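Input: a single structure, listed below in structure tokens.
All of the numbers you see were taken from the coordinates with simple rules; none came from a lab. Treat the numbers as computed from the prediction; the structure is a model and nothing was measured. Because the Cβ atoms are built from the backbone with ideal geometry, glycine has one as well, and the counts that use them run over all protein chains shown.
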């Protein structure tokens, strides 16, 4: 039986084993999927040891950039993202690295939520690895404008400069913009600490602006709570993105893409 795992630190909270078990059952695939806690200074050794017999891994925080350096070849998505969240061990033993986060985000927005990104003004909050991983797929969806905003403006400018050939992208500070936009995506981890990025509430036009938090929790995230209190038309958390990026990884490994809708519905109900 083929073996897979999700690697991270911490890792106990991960829903990936449950998600991939549902994918396997749905598609009739025989596989085992586990959690792998890697020491902060022992990621490469942990992954190489697992992949001596294992067939692939998902990579979560804080190891996605280390995973990028570990693999032998990158997909175009991983090359652009500068990070890897999915590794496939090929028959010759070489490692292929992909980044499915951006595809997962865009699919969750467009398919699950029914929001076409074509022609929209999008604000991406944060300039870390999570933001970098989703910019190329967002621009490929055809927005009118994508602006990366960050507390350290130079980081936002540096990130935007990497994608100027992909579409209309700019950078700004957290407080620089005040006019409403169509979509605000929170790519910071502030919600995990119970905080909201200090951005102007005027960015939300009641009944028009959608807000998306790439984080998720058992209840409403604090970012989405803030957005709802200021009249956001729709508030979405990152659970759908988690399921969709997992489906992209499953397709890379197994050659079949599972139907995500029943899996996401089951997780929501739970």
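First obtain the Kirkwood hydrodynamic radius of the range 171-270 from its Cα pairs, then insert it into the Stokes-Einstein equation at 4 °C and 1.567 mPa s, and state the resulting D in µm² per second as a whole number. Walk me through the numbers on the way to the answer.
Numbers: Rh = 14.8 Å.
Answer from the Stokes-Einstein relation: 87 µm²/s.
Running a GNM on the chain with Cα contacts under 10 Å, which residue among 71, 148, 125 ends up with the highest mean-square fluctuation? Of the options given, 71 has the highest mean-square fluctuation. Measuring spread by the Cα atoms of the chain yields a radius of gyration and Dmax of 18.2, 55 Å. Have a look at 141, 81, 171 and tell me which one the Gaussian network model of the chain (Cα, springs below 10 Å) gives the largest fluctuation. Highest fluctuation of the listed residues: 141. Only helices enter this figure: runs of n ≥ 4 DSSP H residues, each worth -39500 (n - 2.57), summed and divided by the residues of the chain, yield -10000 deg cm²/dmol at 222 nm to the nearest 500. One chain, two ends: residue 61 and residue 1. Fully extended at 0.36 nm per residue, the span grows by 18.9 nm beyond their Cα-Cα distance. Could you state the angle between the C-alpha long axis of helix 129-140 and the longest principal axis of the C-alpha atoms of the chain, as a value from 0 to 90 degrees rounded to the nearest 10? For 129-140 against the chain, the angle is about 70 degrees. With springs only between Cα atoms under 10 Å apart, run a GNM on the chain and tell me which of 145, 13, 55 wobbles the most. Taking springs between Cα atoms under 10 Å, the residue moving most is 13.
Would you mind classifying the range 77-119 by shape? Square roots of the alpha carbon gyration tensor eigenvalues, ordered a ≥ b ≥ c; an a/c under 1.5 is rounded, otherwise it is prolate if a/b is larger than b/c and oblate if not. Present the calculation step by step, with values, prior to reporting the outcome.
Numbers: a/c = 4.28, a/b = 2.58, b/c = 1.66.
Judged from the Cα gyration tensor, the range 77-119 comes out prolate (a/c at least 1.5, a/b above b/c).
Kindly rank 108-119, 259-270 from highest to lowest mean number of other beta carbons found within 10 Å of each residue.
Working: 108-119: 15.6, 259-270: 13.8.
Most protected by this proxy first, the peptides run 108-119, 259-270.
Extension gain, residue 140 to residue 79: 0.36 nm times the residue separation minus the Cα-Cα distance gives 20.4 nm. Compute the label zone of residue 111 within the range 233-256: residues whose backbone N is under 20 Å from the point 7 Å along Cα-to-Cβ. Counting backbone N atoms under 20 Å from the label point, the list is 236-256. Rounded is the label for the range 110-213, because the ratio a/c of its alpha-carbon gyration tensor axes (a ≥ b ≥ c) stays below 1.5. What base-10 log of the normalised intensity I(q)/I(0) is obtained for the range 212-259 from the Debye formula, alpha carbons as equal point scatterers, at q = 0.13, 0.19, 0.21 Å⁻¹? At q = 0.13, 0.19, 0.21 Å⁻¹ the computed log10 ratios are -0.40, -0.63, -0.69. Note: relative contact order over the chain, using C-alpha pairs below 8 Å and six or more positions apart, is 15 percent. Between 0 and 90 degrees, the angle of helix 239-254 with respect to the longest Cα principal axis of the chain falls at about 30 degrees.
Placing R0 at 22 angstrom, the Cβ-Cβ distance between residue 118 and residue 208 gives a FRET efficiency of 0.85 after rounding to 0.05. Rounded, prolate or oblate: which one fits the range 1-110, using the alpha carbon gyration tensor with axes a ≥ b ≥ c (rounded when a/c is under 1.5, else prolate when a/b beats b/c, else oblate)? Rounded shape, in that the Cα axes give a/c under 1.5.
Between residue 268 and residue 91, full extension at 0.36 nm per residue minus the direct alpha carbon distance yields a gain of 60.0 nm.
Relative contact order, whole percent, for the range 2-99 stands at 28, derived from Cα pairs under 8 Å and 6 or more residues apart.
So in the chain, what percent of DSSP beta bridges are antiparallel if you round to the nearest 5? Within the chain, antiparallel bridges account for around 15 percent of the total.
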